[in-house]
Structure formats: C-alpha cells, structure tokens
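Down below is the structure, laid out as structure tokens.
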Amino acid sequence: MLSVNGFVLYILAMSCFWLLRITESKLPQGEVDALQQIATSMGAIYWEFNSDSCQVEVVGLTAQAPRGSESSVECLCNFVNDTYCHVVKIVLKGYSLPGVLPPELVELPYLQDIDLAYNDLSGTIPLEWASIRLKSISVLANRLSGEIPKELGNISSLTYLALEANRFSGRLPFEIGKLVNLNALMLSSNQLSGELPTSLAGLRNLTDFRINDNNFSGAIPNFIQNWNQLGRLEMYASGLEGPIPPNISILNKLTELRISDINGIAQRFPNFSNTTGLIRLVLRSCNIYGEIPVYVWKMNSLQMLDLSFNSLVGVIPNNIPAKSLKFLFLSGNMLSGNVPDSVLKDGSSIDLSYNNFTWQDPNQPACRENMNYYINLFRSSSMENPLKRILPCVKDVTCPRYGCSLHVNCGGNDLSTREGNEKVVYEGDASVEGGSSKYFRSNSYWGFSSTGDFMDDNDYQNARFIKAVSSTNISGLYTTARLSPISLTYFRYCLENGNYTVSLHFAEIFFTNDNTYNSLGRRIFDIYIQRKLVGKDFNIEDEAGGALKQLTKTFNTSVTDNIIEIQFYWAGKGTTRIPVRGVYGPLISAISVIPSNKSCSDGGKKNIAAYVAVGIVAICFVFVIASILWWKGCLKGRKSRGKDFEGLELKTGSFSLKQIKAATNNFDLANKIGEGGFGSVYKGVLSDGTVIAVKQLSSKSRQGNREFLNEIGMISCLQHTNLVKLYGCCIEGDQLLLVYEYMENNSLARMLFDPEDNQLILDWPTRLKICIGIARGLAFLHEESRLKIVHRDIKATNVLLDGNLNPKISDFGLARLNEDDKTHITTRVAGTIGYMAPEYALWGHLTYKADVYSFGVVALEIISGKNNNNYMPSNSYTCLLDWACHLQQGKNFTDLVDPKLGSDFNKEEVERMVKVALLCTNASPSLRPTMSEGVSMLEGRITIPSVIPEPNSDIEDLRFKAMRDFHEETQKHNLSLSSTQNSATLQTDIASSSTSIDDLQRKNLDSLTENGQRFASKANMAW
C-alpha cells in the first residue's frame, strides 16, 4: 500500500515539475519573430500570437476566421538541456492567403510538420526548406507552379509529401527516390510529365501513392512491386499506359486501388488473387477484356467494385460470397446472361448499363419497385428493338406518338422562359433522387441514367446529385445543375427522325471567381452526342470565361432510330478536393433539342406532328406501291417516257435540266466519275457551292426507267448516316437524272480493287470502320426504318465513301419492300452473281437474309482486298468465299488479310470479322445473324458462335457452282471486264442490255435450278 502511494506521489511531483518548467519556459524571440515573418510572407494581414501559450489568436485576411479554416502552432518543451520551448508544427489551412511559401521556415530549426493547404499561395517551393529536418509537408490546393525542386530529395526525414492540386510541371525529380522514409506521396492534379523515375523503386516504405490527373508518359512501371507496404494506389488519368503490371498481386496490403483511363495494349483481368484485403477496387476504362475472375466475387472486405467501360464478357455468378459489396459498377462492358438475385442486396447500388444482359421484363427480380437498393439497367441488353434497350422493365414498349423536341431543366424545377417569340417550358428533375446507380424515366418520353459514387466525401447515401445556388448574375435556368461522379446520360425517345440542334447550357456553380481557394478547382469532362465524342476535356470555366457565368454550346446531330442520347463522362481529369472532397465529374444545367430545319411544337399541337409524320410515310408508301405496280406493267405509259414520270418530281427535290447542265459543265467528260449499270455518273457544283453527284440514266434503257422510279421511291423515304443522301431528281424530255450528295472517295470497289497507283491504301482500322458502317446501314433498312427494305444488290461498287471514308450504301434500283407478316417474298431474281444468296438465286425466296449473305461477301473483300468474282487462288477454289471457307477449317484467318497491310492489323479484330463474314454467308438463312446482331458481333459486344456450322457439301456445291459456270462461260465468250465492274448484273424479269451476258446468266440459272431441285428433298426446304 505504501509503495502504491509513493508511486502516486512521484507522478504528481514530476507533473508539477514539468508544469513549472513549461510555465517558466518561453519560446525564443527568434522563433516568435520568424512566425510573424512567415505570416507576412503568406499574405496575412492579421496576426496575433501568444508566445506564452503557444497559440494563434488571430490570423488571416480578416479578423474573423473563414468558415472551416484551421490554425495552430504546436510547441514542445521537453528538449534535453534546453530551457526553451520550440515550434514543431504549423497549421495555417483554409485562409486563402495570397502570398508565397515562406522561406523563413528555416528560422525554426525544430520544425517537423507544416500544413499550408487550401490557400492561394503562388510561386514555388523555397530551396531553403531542404535544410530543415521536416517530416510532413502539405501544400494541397494552392496556386504553386514551376518544377518540383530536386533539393527536396535532401530531406531524408520526410515521411509525408502532399503537393496535390497545384500547377507543378516538368519531370518528377530523380532525387525524390532518396526519400527512403516516405510513407505518402501525393502528386495528383498537377501538370507533371515524363516517365516516373526508376529511383522511386527505392521507396519501400510507401503506403500511399497518388498521381491522378497528370501528363506522365510511358507504361505503369513494374517497380511498384517493391512497395510491399502500399495500402493505397491511385492512377486516374495519370497519362501512364497499360498494361497493369502482372506482379501487382504481390502488394497484398492494398486496400484501395484506383486506376482509370489508361491507354496501351489490351490485357486480361490483372491478378489480384493475393490482394484479399481490398476495400475499393476501381479499374475503369483500362482496356481489360475477358471474364471477371471468380475470386473477385469472394473478397470479403470488398465494398466497391468499379470495372466500368472495359471489354469484359461472361456472366455474373448466381452466388456472390462478398457480403460487404455495396457499390457494383459494370457499365460499358459486354457482360451477358440474366441479372442474378445475388447482386440485389439491401442498401446496394448496381449499375449494369451498356451491356448485353438478357432484357429484364417487368416480372424479373431486377425490376421490382420500391426496393432498398438502386439498380440501373439503361441499355443493359442488346435487343434488336432500340426502344427495349433504353426502356427496361416496361411492359408496352411502343411509341403512341412522336415528338420533335426536348427541354430539361437539369437539377431544377419546371421553368418557363422565352426563346425568341416563343414561350418554352423546361421540365425539371429536381425531385428525382440521384443515387449512385440511377435510372429515371419521365412521362414525357425522356429520362436519364447516372453512374458512380462521389468518393472520399464520407457520404455513402448520395441521395441527391443536384446543386442549386442563389445568384443575381445568372438566369434561373443556370442556378441549378445535375452532376454525376462518372457518367450521366440524358435521353429522349419517340422522337421524329431527322436533323436536330442540341443546345447544352452550363454554368460552373461550385467554384468562384474570387481570390479564395474556392476558385482553384478545375472540372473537366467529355461530352458525347449520339455516342460520338463532340467535346474532349471540356472545361466550363475556360469556355465561359469564369465561374458563375452562363454558357451555351450548340451541336448539330441526326436522329435515325427515334432516340437521342447526350452523355457526359468523367475521364479522371480535374481536381477532386476543391472546395471539399468529392467535387468532380460532369455538370449540366439544362438541355434543349429542337429540329434544325423546321418549326416544332410538342405542346397543344403535339398530335399534328404525328399526323404529318404519318402522312409523309403514307405518301412514301403509296409512291413505292405505285412504283411496283408500274414495274409490273399495271401503270405503264404507252407513248412516252415523259408520261411515265409525270408528277414524280413533286415527291422529292426538283432540279431543272439547266441547273444540272450548269453544275456539270454540260456533262463534260472531265466531270465523269463513274459508269453505272444504266448510265453515267458526273460530278457537279450547284450555284450555292454544294458539290453533287449526278446519275444520268441512259435514254435507251427502258429497264433503267424502272430502276429510276424504284430508287426515288425507296431512298426518298430513308435517312441514315450510312445511306447515300438523295437531293432530288430532274425529269425533262428524255433526260432522267438523280442528284445525290457527292462522295469524295468514290466507291469501296475502286478503293479495294483498282491498280495500286490509283488508290489510297485503306489501313485496318478504316476497313473495320467501313465494315461496321455498312452493317449499320443494312440494320437500319431491315429493322429500324419505318419501311423495311431489302436492298438486293449489296456489293463493293454500291458502297460509296465520303471524305472521311465513312461508308454509304447506294443504288436502290433493285430494292424491295419486306413485309413483316411474311416469311419470304417469292420474286424473279435480280442481283449480282457472286453476291446472291443461294435460296434467292435458286427459288427466288427473298428475305433480308439475302442482304446479310451479300454483306458477308463484301466483308471478306474488305479484309482481303480481293474481288470475290475475280479471285481464284488455285483451280481448287472457285472464288474468294470458297477459299475463306477452306481457311476457316484450319483457323488460318490471317491468311485472308490484304498483303498491302503487311503486319499492321489487329489479329483479334481480323478473326472476329472473318467469323462474322462466314456466319453471314452460311448457306442456310436461318443460321445467318440479323444485321443488328452482326453490328454487335463486329463491335465485340456479343459473342460470335464459337463454331460456325459446317454446311452440307451439296449446299456448298450450290453456293459455288454458279461461279464455276460463270468463269467457264466468261472464258468462252472472252469477256473483258474491269476490276471494279466485273460483276455481271442478273435481270431475269426484264431485257438485258447485253445479250451475251444475259445468255450466260440464264445458263447459270438453269444449272443452279437443276442442282437446287436435286437438293430440295434433302434440305426439306428449310429455307
């Protein structure tokens, strides 16, 4: 008992001794003066410091401290053989001080920690600091610039260095690698460049490394495996390229891994099997393909998994052991299968948008309403029906009427404003909770999809993703905004097809224009309209000239499937901690979409627009029916061509012969750019400068009359980016002229097959783009346009290329309407040998699958640069398709590639394109894909059947026998055909302009028919 009491008395005595010593100790006057000088250098007007208590009493630009600011000076007095106290820590944070970093710190020899974050300090880091034994430096969120001094490498005691959110530039000094005691290095949101120095490999004590939003170059270094103490690694938009090093799995102490928007080669999912303690795993837009490893779903500590915007495939498992998973972001991949119950957990946020999952009808678990989780299924399936893609969980997916405008007050309430002489109502969405994975659809045929969690804001609810301010400087439309951490898409459906003007309204309402640290934020994001990038690294303040200023950006676009999408995407750039943590990502105040070339009213006259649209379609339909009747002879004129086409020019744009002659210089041969099946094509320039292509029908061709009439009837009703645009026609005397948009690069056939000295060599990315464009055009004709049309003559000569080498399907002279309620149309055969599907060539059974077959042949021509009808690699093969089928059996896909490309092509894309082409040319129509499926396969969004069914040998005979006969007859007749017009046009219902070719093709038809009858019993007419 006595010993215990003695111990207590000893403690009390020592406490009194130290208290007496502290009370008697004073801060040296030199350090007191240094503190005054430091405050002055930093730009403080007020400074009051109590040296006895070592407390800052007043500091800053005003006597009243700003909200959220921190100020303190910490002193220690227990130094051996020293009766003085000394300053060891300074915190002057959040005061927006406008000076410079104080070199006077050197007057504080015992200083260890400085925190000068959230000020407005400029200049660079003083070299004097290198002589202080500092442990921690934070200058977060200032206006510092220049290169990082290499002398910092001399502060060997440094454990924490935060230079984030400044304007430092140049390379990271090699000497930083000498800071062997460093635990945290934060360099995000600067302008640093060059490769990471190899000396960083020596920082083996690093636990936190962040380099987001910089301009570094080179690959992510392998030496990060040396940082075996690392717990947090951030590389959002750092500038570094992939792949992610495979040895990253060595870092088994990682709890936070965030990497986004890296370029470089594609890679499979990195190995994290040893990193079982991950809490947040973000690998967004990292060019990752393949399946998500099973072990990822078993990480018990994992709370957030963000794998958005990669090329991941496979399914989500039915059982997910990871019980802590609250945020699951898988947007922008190629995942498939059903949406399992395993992801639908209470309190979770699940984003599955932009994938290939099974479409979720209202009865599916994922569509249950009023549940305690968020789920976003926008475009989560690859349905043929575009409406179903954007309208999950909807029972009746139809458009009762079509509108022509969109006006949304993003983040605000309904608001009326005047635009010109009209009153416009912007519909608000302020009442809509944002949510980390939000899909919203209004009753006015529009909605939005929002993805992401604002990280590090310590707010896991994220209930509302809107911002509102009160300002007299901007109008009400700009005082509110909706924002998103990753991706925000507004969409309008049931919209009339046509050309539109999109107006995007912005105002930066988070940052300020003053001299406070609130003005230092940078918001950067990308803008997509109709899934095309129209604004890269968009910065509202830079465009508007400051914060709290109105900005309207206008874009022109076209709508071809009655849907418009406007997407805003955060690609990892800009600040994330100004004015507070979690302020970043896209922001939009309002959206307006109106027709480019006509008035529109979706108010009291909404139905009028629908009636007009129906009327236009009806006119087109009647016109096409009249064309067909005329073709059949029911409406034939007897006297003159003029009567055949009387009144036709009223249905489309009208040009006089005088205008056309002036444009083409009276059909000067110098302006002749091609020879069609029934006449010539000339280049011309209208009086307003518009460059046109004029198709002149031969005055002797009665057969051409029908094609002329059919082409106007079909194409005048169609508008799509991959269909050639018809400006109008001219019918005067014996002249029949079609006026089209001019295609600078002529036809695909000319690009592929002309002699090398007359052609531009198409690189592989361009070939893939052309192939996908043709597929999109056919998908529109077959599935998306109001009039479902079979082209019947898809070939390289009928694909034109504009100045940017975008493909446009042309020549609709043989096109036919496809009736949805019939399995096929039986018709006389018309098309081109080598491109015709066997069921059509044999029995005249016409469906859209005939175009699919032709597309497959053209795709092979694009890959190989060879004409299907001209190419016979040996006597064993009849044509290009025959050879491709042989190569497919041995998986020798790259043997097909055009030798002119050398090795400069993507093998994976080549294999994918060959497989799609062979699937499209399958002898059985039922095994051919639809063109929308073909587009998805080419883009890698859905899986191609792993084994393309081997066709019956008899069917193979039928596919290639016509070509064998054609080549034999060609030799007999000694026909000389050019490389671009080698394909003989087959017309069995009307007279041919070439008797020899007509006779030849009838022989081929007889041969085909004989073989077809022999095979019909075997095939049971499955076609």
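What does the charge add up to near S311, with Lys and Arg as +1, Asp and Glu as -1, over the other residues with Cβ less than 13 Å from its Cβ?
0
Per residue of the stretch 918-928, in order, report the coupling 6.51 cos²θ - 1.76 cosθ + 1.60 (Karplus, θ = phi - 60°) as ³J(HN,Hα) in whole Hz, putting x for Gly and Pro.
So the Karplus estimates, Gly and Pro as x, are 6, 5, 5, 9, 4, 5, 9, x, 5, 8, 7 Hz.
Under a 5 Å amide H to amide H cut-off, with H placed in plane at 1.01 Å, what residues pair with G428 once short-range neighbours are removed?
N409, D414, L415
Explain nothing, just compute: Karplus ³J(HN,Hα) = 6.51 cos²θ - 1.76 cosθ + 1.60, θ = phi - 60°, for every residue of the stretch 484-497 in order, whole Hz, x for Gly and Pro.
8, x, 10, 9, 9, 10, 9, 9, 10, 10, 6, 9, 4, 5
What ranking do S249, S353 get, fewest neighbouring Cβ atoms within 10 angstrom at the top?
With the fewest neighbours first, S249, S353 line up as S249, S353.
Given labels modelled 7 Å from the Cα in the Cβ direction, how far is it in nm from E939 to L533?
Calculated label separation equals 1.6 nm.
Arranged by the count of other C-beta atoms within 10 angstrom, fewest first, what order do D904, D882 take?
Listing D904, D882 from fewest to most nearby Cβ atoms yields D904, D882.
What is the distance, in nm, between label points placed 7 Å from the Cα along the Cα-to-Cβ direction at R67 and at V106?
Rounded to a tenth, the inter-label distance reads 4.1 nm.
Contour minus end-to-end for V691 and N50, with contour as 0.36 nm per residue of separation and end-to-end as the Cα-Cα distance?
The V691-N50 span can extend by a further 222.6 nm.
Say R0 is 25 Å: what FRET efficiency, to the nearest 0.05, do A670 and K725 get from their beta-carbon distance?
FRET efficiency, A670 to K725: 0.55.
Only loop residues by DSSP count here, and only those with at most 16 other Cβ atoms within 10 Å; note down the trypsin sites (Lys or Arg not before Pro) in the stretch 233-299 that meet that.
In loop regions of the stretch 233-299 (DSSP not H, G, I, E or B), the sparsely surrounded trypsin sites (Lys or Arg not before Pro) are K253.
Can you sort M334, M913 by how many other beta carbons sit within 10 Å, fewest first?
Going from sparsest to densest Cβ surroundings: M334, M913.
Go ahead and run the numbers for FRET between S444 and L387, Cβ-Cβ distance against an R0 of 25 Å, rounding to 0.05.
In this case the efficiency is close to 0.95.
Between V180 and S145, 0.36 nm times their residue separation minus their Cα-Cα distance comes to what?
10.1 nm
Can you give the FRET efficiency to the nearest 0.05 for K395 and N247, using r as the Cβ-Cβ distance and R₀ = 60 Å?
With a Förster radius of 60 Å, E is 0.70.
How large are Rg and Dmax for the stretch 406-603 when calculated on the C-alpha trace, in angstrom?
For the stretch 406-603, the Cα-based Rg and Dmax read 16.2, 49 Å.
Around F327, under 9 Å between beta carbons, what's the net of Lys plus Arg minus Asp minus Glu among the other residues?
Around F327, the charge tally is -1.
For E104, what is the net charge nearby, where nearby means another residue's Cβ is under 15 Å from its Cβ and Lys, Arg count +1, Asp, Glu -1?
-4
Calculate the spin-label point distance for L787 paired with T552, positioning each point 7 Å from the Cα along the beta-carbon direction, and give it in nanometres.
For T552 paired with L787, the spin-label model returns 3.7 nm.
What ³J(HN,Hα) values, in whole Hz, does the Karplus curve 6.51 cos²θ - 1.76 cosθ + 1.60 give for the stretch 681-689 when θ = phi - 60°, with x put for Gly and Pro?
10, 10, 8, x, 10, 6, 4, 8, x
Using modelled backbone amide H atoms (1.01 Å from N, in-plane), which distant-in-sequence or interchain residues come within less than 5 Å of K326's amide H?
M304
Which whole-angstrom value gives the distance between the alpha carbon centres of the stretch 318-364 and the stretch 738-800?
The distance from the Cα centre of the stretch 318-364 to that of the stretch 738-800 comes to 39 Å.
If you stretched the chain out fully between R204 and D457, how much longer would it get, using 0.36 nm times the residue separation minus the C-alpha to C-alpha distance?
88.2 nm
In the structure displayed, which of K323/K573; K683/K808; K866/K907; K395/K438 lie more than 22 Å apart, Cα to Cα?
K323/K573
A short reminder: the numbers here are calculations on the coordinates, not readings from a lab. Keep in mind that what you see is a predicted model, and the values were worked out from it rather than measured. Counting neighbours? That spans all protein chains shown, and the Cβs are built from the backbone with ideal geometry, glycine included.
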